[in-house]
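Encoded as C-alpha cells, the structure appears first; notes follow it.
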Amino acid sequence: MGTRMGPGTCAAARRAAGRNTAPPHPRAYRLTRGIPVDLLPVPKVIYIACISQKVCYVGSSTRGARVRLREHVRERAPAHWEEVWVMSLLVTTSSYGVLLAEERVGRLLNPDDDIRPPGR
C-alpha cells in the first residue's frame, strides 16, 4: 500500500532526496484537467504521482515536469493519476544526482504502481 502524500510527507521526501533540492514548494497539482500550466518551470525535478492521496509513482526529469508528464500522457500510463507533487532540484545537479535523489525518494515513499525501482 502506497504512502499517503501531504506537506509533511513532501518535507520528508525533500530530506531523503539530499542536498540537491531547491527551495520547497509543497503543494499538489491536480491532473484531472490535463497538465497544469502553473507547474514549476525548472529543468531538474522529482515528481510524485498520487491517486486518492496515495503515492503510486515516483519519477524524475532533467527536462522539467511538464515535458516528462506530457510523455506519460502520450503513453497513457497516468490515465488514473489525480495529482502530482513536484520537487525542484538545483540546476547544478548532475544527471546521476537526479537519479540518485529519485531512488532515495522512491525508497522512502514505496510507490504502488512503479514497474521498476525509482532511479533505475
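Nothing in this text is a laboratory measurement; each read-out follows from the coordinates by a stated rule. These numbers come from a predicted model, not from an experiment. When we count neighbours, we look across all protein chains shown, and the Cβ atoms used for this are built from the backbone with ideal geometry, even at glycine.
By the Stokes-Einstein formula, at 1.306 mPa s and 10 °C, the chain with its Kirkwood radius over alpha-carbon pairs has D equal to 115 µm²/s. Let me check I've understood the local charge: for Glu83, count other residues with C-beta under 11 angstrom from its C-beta, Lys and Arg +1, Asp and Glu -1. What total comes out? Neighbour charge sum, excluding Glu83 itself: +2. If I model a spin label as a point 7 Å beyond the Cα along the Cα-Cβ vector, how far apart are those points for Arg74 and Ala11 in nm? Result for the modelled spin labels: 3.9 nm.
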